[in-house]
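S.K.: What follows is a single structure, and I will ask about it in a moment.
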Amino acid sequence: MFYVVKKPLWVSSNLVAKILKRVLNTPKIGFAGTLDPLATGLMIIGTEGSPRLFPLTENFSKTYTTTIRLDGTTASYDLEQPVEKIEVNKKIQDAITLPFLHSVIDEFFTGDVWQIPPTYSAVWIDGQRAYTLARKWETVDIKPKKRTIHSFDIISYSWPTIDAKITVSHGTYIRSIARDLWHHLKTGGYIEKLERISIGSITMENVEWSQHNDIYYAQLSHEKLFPNIPVLDITSEQKKHLRLGSTPLVTDEKDGHYFVIYENDSYGLLEAKWGLLFPIKNAV
């Protein structure tokens, strides 16, 4: 089963999952798309075998609203670490007009970019999270990764604050965007506020939220989370055949992924190719 969750401030993604494991009374739980402790907003939680489908979410874009400050920096590029004030001379401040910001964004922060994740991030370095090494004051060498910034819309700007709405590909760090703005503008750059407001087709709106303390969560159907993967209507015998991991079935379906619903609303992921239907993940 899948759930969408609104993560509150100052709570880690891992702790949210642990709390909901107790609330939902489930033996297994996982989450996709780590949010920093100082970020709020949407996460996807999966119980039982559903996390096996998380790789399908890696092509989902994510939208954030954020407040970026240009008059300082921190080691984590957000408020987790102390702010170091950066004095920016008046000439540079005056040069950073709204049209100038738009030109910088168009040139350096639109489309495919090479981005180095922050030192305080959840990327893996030799079997450990980068933030674990950083908090031990160990040297962290993170290689740049190719990411996509689909849109970077400035909501408002008044020195030294940019309010923006940014849509990015999986694995993109908004904190790294703030850091890289710093280098292009010759100012500071860190995140003062960050909220994830959408994951793929999932948004804050039209959701019937349940609440546990300050954590909000709602059950998601597979069809809602993966609207582009249709559910196949096949016979009980065909379902049994696929679920037992038998040979593939002959099919007229076009190539691609499909869901099948077994008894008790459990899902299986199928793939059609070469005129055959293969089980990929059963009883999800």
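The values are calculated or read from the model by the stated rules, or taken from the named source; none is laboratory data. Since we're looking at a predicted model, the values are computed, not measured. We place every Cβ from the backbone using ideal geometry, glycine too, and count neighbours over all the protein chains shown. Ligands, DNA and RNA are stripped out before the accessible areas are found, and what is left, the full protein with its side chains, is counted by its heavy atoms. Shrake-Rupley method; radii C 1.70, N 1.55, O 1.52, S 1.80 Å.
S.K.: Specify which of the listed residues (270, 277, 242) is farther than 18 Å from residue 51 by Cβ, in a helix (DSSP H, G or I) and open to solvent by less than 60 Å² (accessible area, probe 1.4 Å).
M.R.: Going through 270, 277, 242 in turn, just one is farther than 18 Å from residue 51 by Cβ, in a helix (DSSP H, G or I) and open to solvent by less than 60 Å² (accessible area, probe 1.4 Å): 242.
S.K.: Against the condition more than 19 Å from the chain's Cα centre (by Cα), among the acidic types (Asp, Glu) and exposed (fewer than 15 other Cβ atoms within 10 Å of the Cβ), how does residue 58 come out, does it pass?
M.R.: For residue 58, the condition - more than 19 Å from the chain's Cα centre (by Cα), among the acidic types (Asp, Glu) and exposed (fewer than 15 other Cβ atoms within 10 Å of the Cβ) - is not met.
S.K.: Just for region 109-150: of the residues that are open to solvent by 20 Å² or more (accessible area, probe 1.4 Å) and polar (S, T, N, Q), which one is farthest from the chain's Cα centre (by Cα)?
M.R.: 139
S.K.: Across region 56-90, what is the number of residues that are of a type in the set (Phe, Trp, Tyr) and farther than 19 Å from residue 150 by Cβ?
M.R.: Counting residues in region 56-90 that are of a type in the set (Phe, Trp, Tyr) and farther than 19 Å from residue 150 by Cβ gives 1.
S.K.: Considering (1) at pLDDT 95 or above; (2) hydrophobic (A, V, I, L, M, F, W, C); (3) open to solvent by 40 Å² or more (accessible area, probe 1.4 Å), say which one residue 31 fails and leave the rest.
M.R.: With (1) at pLDDT 95 or above; (2) hydrophobic (A, V, I, L, M, F, W, C); (3) open to solvent by 40 Å² or more (accessible area, probe 1.4 Å) applied to residue 31, the lone miss is (1).
S.K.: Name every residue in region 79-105 that is of a type outside the set (Val, Ile, Thr) and either in a helix (DSSP H, G or I) or open to solvent by less than 10 Å² (accessible area, probe 1.4 Å) (or both), in order of residue number.
M.R.: 90, 91, 93, 94, 95, 98, 99, 100, 101, 102, 103, listed by residue number.
S.K.: Might you check whether a residue that is closer than 30 Å to residue 63 by Cβ and hydroxyl-bearing (Ser, Thr, Tyr) occurs anywhere in region 201-209?
M.R.: Yes.
S.K.: I need every pair where a residue in region 92-107 that is at positive phi has its Cβ under 7 Å from the Cβ of a residue that is open to solvent by less than 50 Å² (accessible area, probe 1.4 Å), sequence separation at least 6 or different chains.
M.R.: Close Cβ pairs (under 7 Å, with a partner that is open to solvent by less than 50 Å² (accessible area, probe 1.4 Å)) do not exist here.
S.K.: Would you check if there is a residue in region 115-125 being touching a strand residue (DSSP E or B) at 6+ places or on another chain (Cβ under 8 Å) and modelled with pLDDT of 90 or more?
M.R.: Checked against the condition, which is being touching a strand residue (DSSP E or B) at 6+ places or on another chain (Cβ under 8 Å) and modelled with pLDDT of 90 or more, region 115-125 yields at least one hit.
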